[in-house]
1. Being within 16 Å of the ligand (Cβ to nearest atom) and open to solvent by less than 40 Å² (accessible area, probe 1.4 Å) is the filter here; which residues of segment 136-155 pass it?
2. Take the conditions at pLDDT 95 or above, under 23 Å from residue 59 (Cα atoms) and among the acidic types (Asp, Glu) and apply them to residue 347. Does it pass?
3. Test each condition in (1) within 11 Å of the ligand (Cβ to nearest atom); (2) open to solvent by 10 Å² or more (accessible area, probe 1.4 Å) for residue 231 and report the one that comes out false.
4. Within 21 Å of residue 158 (Cα to Cα), crowded, with 22+ Cβ neighbours inside 10 Å and hydroxyl-bearing (Ser, Thr, Tyr) - does that describe any residue in segment 56-71?
5. Name every residue in segment 96-128 that is open to solvent by 60 Å² or more (accessible area, probe 1.4 Å) and in contact (Cβ under 8 Å) with a residue 12 or more places away in the chain, in order of residue number.
6. Would you mention how many residues in segment 250-270 are open to solvent by less than 20 Å² (accessible area, probe 1.4 Å) and of a type in the set (S, T, N, Q)?
7. Out of segment 238-278, which residues are more than 14 Å from the ligand (Cβ to nearest atom) and charged (D, E, K, R)?
8. Would you point out which residue out of 91, 131, 104 is under 18 Å from the mean Cα position of the chain (by Cα) and closer than 21 Å to residue 185 by Cβ?
Amino acid sequence: MSSCNDAFARLRLAPGGQAAPATTAGLAAWAEIDLRQLKRNYQWLRQRAGAPVMAMVKANAYGHGLLPVATYLQDAAQADWFGVATPEEGVALRQAGIARPILVIGGFWLGQEAAVVDYDLATTLPDPSYVAVLERAAAARGVIAAVHLEVDTGIGRLGLSPDQLTATLKALQPCRHIRVDGLMTHFAAADAPEQADFTREQIRRHALALEQTRAAGFAPRYVHLANSAGLHAFPPAATGNLARIGGLLYGIAGDALSPAFPPPPTGPVLSLHARILGLKAVPAGTPLGYGCTFTTRRPTRVATVPLGYGDGLHRIQSNRGDALVRGRKAPIIGRVSMDVTMLDVTEVPDVALGDVATFIGAQGAAVISAEDYAAVMDTIALEATTSLTARVTRRYLFDPTDTSSA
Ligand SMILES: *Cc1c(COP(=O)(O)O)cnc(C)c1O
């Protein structure tokens with residue numbers, strides 16, 4: 001398919017998108033995205049689910065890069081489904097040659113229904129009133145729009161309440177241009193062992209909603225409940241015939257999984273690095289950075305690296321957390337500013353300009369996981385990777401034999 005080849009041409013042209021772990025010369029700060037690990041994660045997830053897996057690629061594929069991630073998953077891992085939050089994300093996928101089914105989990109707002117229909121995006125309906133809007137748009141083009149009804153079984157967020165489900169099913173009855181392809185719900189607390197009964201109640205309510213939907217004359221082909229935490233903590237059979245997976249796909253959901261079960265064999269896809277581009281020795285008593293929040297207590301070697309909150313580090317990391325330099329922990333000192341962060345590299349032997357400081361990832365045996373990195377920011381790894389901004393060059397590692405078959 002030429003569209004796939006086009007997408008891979010762009011992937012190959014992505015900054016640093018070499019197939020081999022070639023040089024990072026010329027890069028001062030970058031995130032490395034290991035698409036081979038992403039593929040292994042996807043394949044394991046499909047085995048675990050025993051069902052199709054919807055690769056959640058919303059929010060720039062959790063910061064990993066929407067188009068390279070989706071293109072590789074489609075062509076190298078034969079991904080079954082893609083999940084996005086907004087119609088715009090779905091349109092971007094179609095324009096890049098993604099041909100697999102796409103679900104817009106966040107539904108659409110008035111005015112976006114044309115994109116949903118034109119780009120063949122399946123959508124949820126956040127309110128019964130959207131039924132008529134979608135039916136009109138699909139009828140105008142003579143096509144059938146696919147919907148997945150999201151039922152609120154306990155999360156209280158998006159999803160139809162019992163009354164709204166009844167009203168939506170009624171509104172759908174006369175629609176000849178909408179097909180109910182799916183019935184889904186989203187777990188609120190599948191990662192919390194003490195909330196297992198709550199999750200079981202969500203599963204029970206979803207089964208009732210399915211009965212109601214069938215009684216109204218609809219036969220949704222996909223029944224789906226599980227996110228990463230749900231797939232990890234509940235038998236796949238209890239969570240339907242499609243799994244919507246984000247965190248575990250990227251191997252970064254360790255802090256969003258139930259501790260009651262062994263961790264899955266998925267591995268992290270993203271690592272974050274920057275080079276030391278300034279290095280100086282300062283005496284004890286030297287204040288460092290905005291606000292002079294850090295004063296050296298000994299003669300100190302200070303390294304400056306070009307990553308700051310403009311790249312997705314958080315200012316709360318000021319004087320907290322570490323990066324790895326030459327396999328050793330180098331503490332963050334002073335304020336994290338927009339473009340640069342300082343590290344105390346006094347304890348790093350032979351430290352030199354150009355040395356790589358790893359904020360997320362491994363250097364030899366030393367590891368800072370995305371979960372560790374996020375904990376310093378008082379958040380979870382999903383927020384940490386999603387926060388990486390467009391300024392951070394994504395360098396993609398992939399197996400070229402995976403990409404030539406497209
Ligand atoms: C983001 C999202 C998912 C994926 O959740 P993970 O915890 O990242 O696996 C699944 N379903 C819905 C509705 C979502 O919004």
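1. Initial filter on segment 136-155 (within 16 Å of the ligand (Cβ to nearest atom)): 147-155.
Result: 147, 148, 149, 150, 151, 153, 154.
2. Working: at pLDDT 95 or above: yes; under 23 Å from residue 59 (Cα atoms): no; among the acidic types (Asp, Glu): yes.
No, not satisfied.
3. If we test residue 231 against (1) within 11 Å of the ligand (Cβ to nearest atom); (2) open to solvent by 10 Å² or more (accessible area, probe 1.4 Å), just (2) comes out false.
4. We begin by selecting, within segment 56-71, every residue within 21 Å of residue 158 (Cα to Cα); these are 56-62.
Remaining after also requiring crowded, with 22+ Cβ neighbours inside 10 Å: 56-57, 61-62.
If we keep only those that are hydroxyl-bearing (Ser, Thr, Tyr) too, we end up with 62.
Yes, because at least one residue in segment 56-71 is within 21 Å of residue 158 (Cα to Cα), crowded, with 22+ Cβ neighbours inside 10 Å and hydroxyl-bearing (Ser, Thr, Tyr).
5. 99, 100, 110, 118, 119, 120
6. 1
7. Result: 275, single match.
8. Working: 91 fails: closer than 21 Å to residue 185 by Cβ; 131 fails: under 18 Å from the mean Cα position of the chain (by Cα).
That would be 104, the only listed residue that is under 18 Å from the mean Cα position of the chain (by Cα) and closer than 21 Å to residue 185 by Cβ.
The values are calculated or read from the model by the stated rules, or taken from the named source; none is laboratory data. Keep in mind that what you see is a predicted model, and the values were worked out from it rather than measured. We place every Cβ from the backbone using ideal geometry, glycine too, and count neighbours over all the protein chains shown. Just so you know, the surface numbers come from the protein's heavy atoms only, side chains and all, with ligands and any DNA or RNA stripped out. Shrake-Rupley method; radii C 1.70, N 1.55, O 1.52, S 1.80 Å.
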